[in-house]
Structure formats: structure tokens, C-alpha cells
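The values are calculated or read from the model by the stated rules, or taken from the named source; none is laboratory data. If you're wondering where the values come from, they're calculated on a predicted model, not measured in any experiment. Here the Cβ positions follow ideal geometry from the backbone for every residue, glycine too, while neighbour counts run over all protein chains shown.
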Amino acid sequence: MFFGPATLALVALFCFTGVPPSGAVARSAPAAAPRTVAAGTKLWAPKKVDRSRRTDDSSRIAREEELLLKPRNAPAAAAPPPRPRKKIKMETAAATDDEASGDDDDEDEAPTVSRRHKSSDEDEEDDDDDDEESPSLPSIAPHMLAFGVGTSFTHRRFSYDAPLQGDNGFRLGYALALESYPLLLTGPGWWRNIGIGFRYANEVYGTAGVRDPDDGSLVSYPVTQMRWGVDLRYVIPLGAYVVVVPAVGYGKLTVDLRRPEPLVPSMCTAGISPPCFSDVDSSSLNADVHLRVAFMSALSMSLTAGVSRGLNISRAPGGIAAEVPAVSNGFHVEPGILLMLGNWFALQASFPIVRNSYDFGRPANGNRVYSSATETYFGVVGGVTALVY
């Protein structure tokens, strides 16, 4: 059977595409379909694309998009000018860590710290306040008035450089003391430290006795001792704990043996009875230095040391200079302690030690029985002191 040209063309198309004509499928054996489908799939697979070329195209497209999105004729953004830092004026204080680091997050206006200079008037006022307020602690600071009353218990020992009768005994009495700085009430100035001092001690209870060589009985006479002095002083504070007070003044010393009939010194030999030793009535010029040290606000210790130069020694009958004129010199030391009881009162105790020496001239007859004599006082004085500021 012959086929026409159209039939041949159709068969050729089916053979090319792998799809048999319906008539051939019905008449032929079953075909291997999976193999024919695989050939067709391979035929229509997509073509391979060069990856490097795709990357170049993507980069080019990204650049073009960036150019399109970028605004035309936009001026370049200028960097903001640096903000000037504010300097902090400080004369004495150092800058803090935050100021030293220069943190730009601080406020625009930095604070200014400066010290206000005092005017000359303010400086003078401060100086006046310093003068008005003493730097010393209350137990040693000067007061407008300090008045003390106490008891005196003193021992006296007197002897010549010859075998004459002397004195050796304890006596009891009273003592007064006063210290005043009245110029503290005035305005500021160096004169505010000028003060006066006064002291008085009188031992009115005491005797002097000698045993009678015949019967051994004790024969005694009363004895009184009196000392007083006044001086001008100036307080010098050396900080809060130390005060020095130099003083210059006048002093008086008397010793009276109440003997009914006084005798001259050369007649008072060692073996006679009743008691017979010379009275004393002398004055002197004194120079002292008071050192006061405070341990705390209410407790202090003091030490007074000084010398004395005799001005006059009485030549009354029975006196130490009744036969020949005499001159005297001496020194004294007095440690003490003070304990304040509040602001107005204080307990005070002192331990005076006084030593005087006497030098005698030559008598008119030339017979010199004695040429010198010495006397020593030591004891304790204690009492209460009232303070007025």
C-alpha cells in the first residue's frame, strides 16, 4: 500500500518528537516509554549560564541603581567645627577626673570656680578675731580675774655659819593668790596680754622651842612667817598647749619670833634657853618666769622659777641685821597643778621652794662672829581658784 507525501511528513514529525501515530501504536508492540521520555527531557533542558558573567551583571546593575538613587548636585557634607572647651578657673583646687578627660558630652556652658579674694578690711577683721580668741586651752589661758584661797603648810630652816641658835620647824597658815588681765576687755592689741599678779602667805600657827639645859623642859615661843609679792606680767601663748609668762615685781619677807626681850644675833648662842634667833624683815626685787603646760582642756601643770635681789633689810633690835648691815640674794622654784571644775572654779596646788642667803659686813669693833646665814622654805599650798572671764 503506498502512502502519500502528507502521510510521510506526519510520520517523520512523530518520529522526531518521539510520539508514534495513533495507528502505529495500536498495531505495534508496547514501546519503551521511559526511554523515549528521557530523550525528550534531555532535549528540552535549559541552557547552562556563565556564573561569572551573571556576577558582573549584578554588580553593574547595583552601581547603576546607586547612581540613580543618589541626589544630583548634592554638596558634600561638611564636618561640624570642633566645639571650643570652656576653661575652669581654679586657683587652689585641682581639676576632677571628668574635667581632665575632656568629655564632649558636658553642658555647653562649663561652670567657673574661683576664690573670692578678701579685702584688706576683711583681713583686718580676721586678725582682730584671732586676737580676741586665745588659742590656748582654758586651763592655761589668761583670764580677766583668777582669785585663789588656800592653806599653806611650810617648813623653815635657818642657820648661821657660826655656832649660834637657828630655827627649824613647820608652820601652818593660809595663802591668797590673784592674777588679772583687765585689758582683755579692751580692743585688739598686744597690750591685752599685760596683767598683774599678787600672792600672799601667812603661817600664823607655829612655835620655836628649846629645851632648858637644867631641867630638860621645853621652852617655846610662837613664830609667824609672812611672804607677799606683787608683779607685772605678760602672757605669751605658744600654741594651744603651752604658755610662757615672764614677770617682774616686788617682794616682802618677815619672820617674827615673839620673844619678850629681843637680843642681837651674837648673843643667841646655841646652848641658851629660851629660844633666841634673829627676826627677818627684808624686801627684794624679783624676776620670774611661769611656764604652763596643758594636758587637756581642764588639766594643766605649771613651773615657776625666779631670782630675787635684796633691796633692804631692817636693822631693828633683834633683827638679822641689828649689828651689821646685810645684803641678801635668793632663788625660788614652784611646781604646781590645776584641775578645772567647770568654767568658773578650779582646784590648784603648788609646792614652793625658796632659798635665801645673807652676807654680813664687818662690825665696828672688828670682832666678826658670823659672816653669812641661809634660810630655806619648802611646803605645799592648796586651795580653790575662782575664774572670771
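Scanning segment 312-325 for residues that are in contact (Cβ under 8 Å) with a residue 40 or more places away in the chain and either assigned to a strand (DSSP E or B) or in contact with an Asp or Glu (Cβ under 6 Å, 6 or more places away or on another chain) (or both) yields a total of 3.
Of all positions in segment 235-249, at least one carries a residue that is modelled with pLDDT of 95 or more, among the hydrophobic types (A, V, I, L, M, F, W, C) and touching a helix residue (DSSP H, G or I) at 6+ places or on another chain (Cβ under 8 Å). Of the strands (runs of 3 or more DSSP E) lying entirely inside segment 194-274, those containing at least 3 residues that are over 23 Å from residue 164 (Cβ atoms) and out of contact with any His (no Cβ under 6 Å at 6 or more places or on another chain) span 194-205, 218-234, 242-257.
Conditions (1) surrounded by fewer than 20 Cβ atoms within 10 Å (Cβ to Cβ); (2) modelled with pLDDT under 95, marked per residue:
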site: 277; (1), (2): no, yes
site: 287; (1), (2): yes, no
site: 290; (1), (2): no, no
site: 307; (1), (2): yes, no
site: 328; (1), (2): no, no
site: 345; (1), (2): yes, no
site: 353; (1), (2): yes, no
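Scanning segment 181-220 for residues that are among the aliphatic types (A, V, I, L, M) and closer than 30 Å to residue 154 by Cα yields a count of 7.
Inside segment 140-193, can you point out the residues that are in a loop (DSSP other than H, G, I, E, B) and under 30 Å from residue 369 (Cα atoms)? If the condition is that a residue be in a loop (DSSP other than H, G, I, E, B) and under 30 Å from residue 369 (Cα atoms), then 161, 162, 163, 165, 166 are the ones that fit. Of the residues 326, 298, the single one that is closer than 30 Å to residue 164 by Cβ and of a type in the set (A, V, I, L, M) is 326.
Just checking, does segment 361-378 include any residue being assigned to a strand (DSSP E or B) and either β-branched (Val, Ile, Thr) or within 29 Å of the chain's Cα centre (by Cα) (or both)? Spell out how you get there, then give the answer.
Residues of segment 361-378 assigned to a strand (DSSP E or B): 372-378.
Remaining after also requiring either β-branched (Val, Ile, Thr) or within 29 Å of the chain's Cα centre (by Cα) (or both): 374, 376.
Within segment 361-378, one or more residues are assigned to a strand (DSSP E or B) and either β-branched (Val, Ile, Thr) or within 29 Å of the chain's Cα centre (by Cα) (or both).
Conditions (1) at negative phi; (2) touching a Gly at 6+ places or on another chain (Cβ under 9 Å); (3) not hydrophobic (A, V, I, L, M, F, W, C), marked per residue:
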site: 239; (1), (2), (3): no, no, yes
site: 243; (1), (2), (3): yes, no, no
site: 259; (1), (2), (3): yes, yes, yes
site: 265; (1), (2), (3): yes, yes, yes
site: 282; (1), (2), (3): yes, yes, yes
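In segment 358-374, is there at least one residue being under 14 Å from residue 280 (Cα atoms), of a type outside the set (S, T, N, Q), surrounded by 18 or more Cβ atoms within 10 Å (Cβ to Cβ) and in contact with a Gly (Cβ under 9 Å, 6 or more places away or on another chain)? Within segment 358-374, one or more residues are under 14 Å from residue 280 (Cα atoms), of a type outside the set (S, T, N, Q), surrounded by 18 or more Cβ atoms within 10 Å (Cβ to Cβ) and in contact with a Gly (Cβ under 9 Å, 6 or more places away or on another chain). The single condition among (1) within 14 Å of residue 358 (Cβ to Cβ); (2) in contact with a Leu (Cβ under 7 Å, 6 or more places away or on another chain) that residue 303 does not satisfy is (1).
Listed here are the residues, each with its yes/no results for (1) surrounded by 15 or more Cβ atoms within 10 Å (Cβ to Cβ); (2) on the phi > 0 side of the Ramachandran plot; (3) hydrophobic (A, V, I, L, M, F, W, C).
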site	(1), (2), (3)
304	yes, no, no
319	yes, no, no
322	yes, no, yes
331	no, no, yes
348	yes, no, no
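For residues that are exposed (fewer than 15 other Cβ atoms within 10 Å of the Cβ) and at pLDDT below 95, scanning just segment 145-169, find the one that is farthest from residue 229 (Cα to Cα). The qualifying residue farthest from residue 229 (Cα to Cα) is 163.
Sort through 220, 180 and tell me the only one that's of a type in the set (Ser, Thr, Tyr) and within 44 Å of the chain's Cα centre (by Cα). Break it down stepwise before answering.
Numbers: 220 fails: within 44 Å of the chain's Cα centre (by Cα).
Checking each option against the conditions leaves just 180.
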